[in-house]
1. Return the pairs, sorted by first residue and then second, in which the second residue is of a type in the set (Lys, Arg) and surrounded by 14 or more Cβ atoms within 10 Å (Cβ to Cβ), the first residue lies in segment C:122-145 and is part of a loop (DSSP other than H, G, I, E, B), the beta carbons are less than 9 Å apart, and the residues are 6+ apart or on different chains.
2. Against the definition (under 26 Å from the mean Cα position of the chain (by Cα) and free of Cβ contacts under 8 Å to residues at least 24 places away in the same chain), how does B:Glu118 come out, yes or no?
3. Could you list, in sequence order, the residues of segment A:255-294 that are more than 30 Å from A:Val145 (Cα to Cα) and of a type in the set (A, V, I, L, M)?
4. For C:Val240, are the conditions met, namely being assigned by TED's automatic domain parsing to the domain that holds C:Phe291, modelled with pLDDT under 80 and under 24 Å from the mean Cα position of the chain (by Cα)?
5. Taking the criterion of being aliphatic (A, V, I, L, M), over 18 Å from C:Gly164 (Cβ atoms), open to solvent by 10 Å² or more (accessible area, probe 1.4 Å) and out of contact with any strand residue (DSSP E or B) (no Cβ under 9 Å at 6 or more places or on another chain), would at least one residue in segment C:285-307 satisfy it?
6. If the requirement is being out of contact with any Gly (no Cβ under 6 Å at 6 or more places or on another chain), modelled with pLDDT of 85 or more and either surrounded by 15 or more Cβ atoms within 10 Å (Cβ to Cβ) or more than 30 Å from B:Leu7 (Cβ to Cβ) (or both), which of these qualifies: B:Ser241, B:Ser217, B:Ser274?
7. Answer yes or no: is there a residue in segment B:25-45 that is at pLDDT 85 or above, touching a Lys or Arg at 6+ places or on another chain (Cβ under 8 Å) and surrounded by fewer than 18 Cβ atoms within 10 Å (Cβ to Cβ).
8. Only one of (1) more than 7 Å from every other protein chain (Cβ to nearest Cβ); (2) buried (at least 22 other Cβ atoms within 10 Å of the Cβ) fails for A:Ala269. Which number is that?
Amino acid sequence: MTRFIVRRLLSTIPTLFVIITLSFFLIRMAPGGPFAREKKVPPEILQNLLKKYHMDEPLPQQYFRYLGDVLRFDLGPSFKYKDQTVNDLLGTTFPVSLTLGVMALAVATFLGVLVGIISALKQNKWQDYAAMSVAVLGISIPLFVVGPVLMLVFALILDWLPTSGWIGSRAGWATVVMPVMTLMLPPFAYIARMSRGSIIEVIRSDYVRTARAKGLKENVVITKHVLKGALLPVVTYLGPAFAGIVTGSVVVERIFDIPGIGKIFVQSAFNRDYTVIMGDVIVYSLILISANFIVDVLYGILDPRITYK
Amino acid sequence: MTDDVILQVKDLKAYFKLDEGLLKAVDGVSFDLRKGETLGIVGESGSGKSVTNLAIMKLIPTPPGRIAGGQVIFDGKDLIPMNDNEIRQIRGNKISMIFQDPMTSLNPFLRISTQMVETIVLHQGLDKKAAKEKAIEMLKLAGIPAPENRIDQYPHQFSGGMRQRVMIAMALSCNPEILIADEPTTALDVTIQAQILELINELSQRLGTAVILITHSLGVVAGMCDNICVMYAGRVVEKGSADEIFADPKHPYTVGLIKSVPRLDKENKQRLYSIPGQPPNVINLPECCPFFPRCDRAMDICKSKYPPVADLGNGRTVSCWLYGEGK
Amino acid sequence: MPISTKTKDNAVNEFNQYVKPVSLWADAWKRLRRNKMALMGMWIVGIYIFITFFAGLLPFFSYTDQELMHANLPPSFKPAGIVTLERLEMRKLELESAIAQTNREDLKTDLTRILLEAEQLKTEIDSNPVHKRVYILGTDSLGRDMLARTIYGGQISILIGLIGTLTAGLIGIVLGAMGGYFGGWFDNLLGRFVDIMYSLPYMLIVIIIMAMIETTNPTTKVFVLFIAIAMISWLTISRVVRGQVISIKNSEFVEAARSMGASSPRIIFRHLLPNTLTIIIVYSTLSFPSFIMNESFLSFLGLGVSAPMASWGTLVSDGVQSMQLYPWRLLVPGAAMTIFLFAMNFMGDGLRDALDPQSKNRT
């Protein structure tokens, strides 16, 4: 097990390396630079600026310098947010995005599994049809429609919830409700459909027939014999689900004006804020890589048929 | 004669409502099972033999299936009208089952101990520790080496034959009166098959358990069973003692089945016989003898009416227009 | 049971029973026809596609037609002139009561302007055909018909989805089939590449690409957007096709073809692909909505389709700005898009259940 974890951790290094390299050159290949959009800067000042950020050096040299800095966990200074390093910037925004993402995924998993179980046990009854229509709707309706509509109804018309902000603001935890509801919708829908399908499949399986033939109560059959096998595929989905949440949070943070990474991400891409974009990409990749890693380990713990060597 | 009958199946019907029509998987099956007896139910796949036994345990998936009529009298009580609670007292306790495919019949996510102990605790009221000891004892009886170590393993750590032994140990752990074995050897290697049958035979005799052995192989039945039911298209076409049926089969289908068993003791160089045609699709089957298209002795009446049961005495019955009043 | 009613099939056995249709497609169609939701989805998708492609021939207003006087009109079946007039009357009453309370000078000038506007409108309401227009779904801030905007937005969105699905399908099928068929280093390389692409936060990279393009030409931008999305969309389909090809590759009928000396391309195109067709259809149908979703996602962020072109994403994005005052500007494109994707997903699910009943890839 330990060996598996170590090997799995080591295998993330090349992935991370590919991501850093790819984004670095992709960003530098684009025309324009961080200072292109500012007011006319005298050439000598621009020269100083470029020198300060080492942008006068040839590209490969900059690349290796950047790699070295990253190895020392130094993501450099921001070009636009003056006097702030990328580390500072991510330090304040990352916890916000992480809280949002983890809450959304937790709610999505809980509700998704619950709805999936109900649907599967009431297969082809009205509860099932209702739940599965909601699930298809959840997959079909874009986040950027749900978010504004929720805001319109619950904040602007009913005035129950604040339109924007985050936990630190005056409205406190009430700010969390709509962003989490919005962000959790797609993974909730997928998990509900997935768990319904796999529960139905497992209920028809031979080993559940055996369990029934032993005279076990139906609720024991479901909780002890059906759910564990049926919910295993849901665990594998959590990795990709997190990727979806990361992408979705870019939109949700923008709609609800949440001070997370997603909000500065799009802005810094527009601004050619090289170091911030790179920092964002690295953080996002780390999140995804660790999510997949946790899922793999979890799967191994839950499925006795898998042995790690 | 009837006093030692422990299970009486009377005119049992199990229908499945499918998109294509009504599938009468079991259509009026009757037989008796006596204490300690081994009854073989023989038929091709799709003849309704497995569904008959699932219906006895009320394990038919509903919907689309339902028990459409008949009685299953066990211990003086009819199981069919019982509610879930009552039937659960029977399942795994008085009547237990083992299934065709040991690879999929054990829960892959639970240890063998968990799966065995839950049954014993449920039906015998033992605590977990005592139940585990009982389980180990049963595994030993079933011929699992080092059961005290292996009991905490998962099913995938066992071979197919070993898993079927675990299934047998689990099924017999509550000393049931009846063991239903649904093609217990079909999915196993030929060399293992005989061992498993021998095990079932030996343990049932030792524990005094009656066995219903479902199989499509007459060879299996010949060695083990006291009595035989031959099923075709959801109905029993012939039943009687194993010796009599092998010595003097009546129904043309039984005749065909016996002729198609390869035999080493007979010195004939003829080709192995096989019954022509395919078993019928029993959905929307018209009123006729379903065997007539494959029968070499078919008469006109066979095409329009199902033959009544002809009692030949001594527990021997046959449903064919060649016998009884129809003759 | 009379036999005569069934003579059309003549597939009846000795018991006068139907013999199941052997064709996969007939069988699938039978299954699909029973799925009410999928059929409804197909109808809705059909209507959308019809309207999208024949919008020019149908009696809709132009999506570029502005009438500033009709800005931000709510959905109504009444002619635009009357709706505008009603709105002016309403505003007049509001202002009068406000003036009665506060007597503010600036409100008075507002009032005179509105009265003037109303007078002007009354004189031309019968003569100017513009005021006869009916905006059943309201108008936007420039007085353009929301229905027309939504239809033309849908045109772009659906077109991007369609072309994207076809391209992604083509790349995915070719690479997946080759990987599955030839195996070896090619398959390994492909597999590794797909793995890395899956583990990338890909949409974020698309965001970077789109944000960094320095072009004002909207067509170029759509083209880049389209390439960027298509680059990732073939992954899933290539995996599915590869798996299917591998499972068929070793089947008897392919062995037979090979033993008769059929060439590799012949085996791939004559034997393997036709047998993966069902899966390809299913996954194309299911990837179509995700294409539209990705495009409008970027457009919403201001990174996709730009003015004067519009897609559902940009329309929703516009609508959000003023949703408190003019909610229809958000709800109309939002609903149009959601209904289409909803129908598309139901259709895809139905097709999958019909064509691939034992699918292990259900979600």
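1. C:Leu137/C:Arg149; C:Gly138/C:Arg329; C:Asp140/C:Arg149; C:Asp140/C:Arg329; C:Ser141/C:Arg329
2. On the way: under 26 Å from the mean Cα position of the chain (by Cα): yes; free of Cβ contacts under 8 Å to residues at least 24 places away in the same chain: yes.
Taking the combined requirement at face value, the residue satisfies it.
3. A:Ile294
4. Numbers: assigned by TED's automatic domain parsing to the domain that holds C:Phe291: yes; modelled with pLDDT under 80: no; under 24 Å from the mean Cα position of the chain (by Cα): yes.
No; evaluated as a whole, the condition is false for this residue.
5. Yes.
6. So the residue among B:Ser241, B:Ser217, B:Ser274 that is out of contact with any Gly (no Cβ under 6 Å at 6 or more places or on another chain), modelled with pLDDT of 85 or more and either surrounded by 15 or more Cβ atoms within 10 Å (Cβ to Cβ) or more than 30 Å from B:Leu7 (Cβ to Cβ) (or both) is B:Ser241.
7. Taking every residue of segment B:25-45 in turn, at least one turns out to be at pLDDT 85 or above, touching a Lys or Arg at 6+ places or on another chain (Cβ under 8 Å) and surrounded by fewer than 18 Cβ atoms within 10 Å (Cβ to Cβ).
8. The failed condition is (1).
The values are calculated or read from the model by the stated rules, or taken from the named source; none is laboratory data. Here the structure is a predicted model, which is why all the values come from computation and not from measurement. Don't worry about glycine lacking a Cβ; one is built from the backbone with ideal geometry, like all the others, and counts go over all protein chains shown. To get the accessible areas, we keep the full protein, side chains included, count just its heavy atoms, and leave off ligands, DNA and RNA. Shrake-Rupley method; radii C 1.70, N 1.55, O 1.52, S 1.80 Å.
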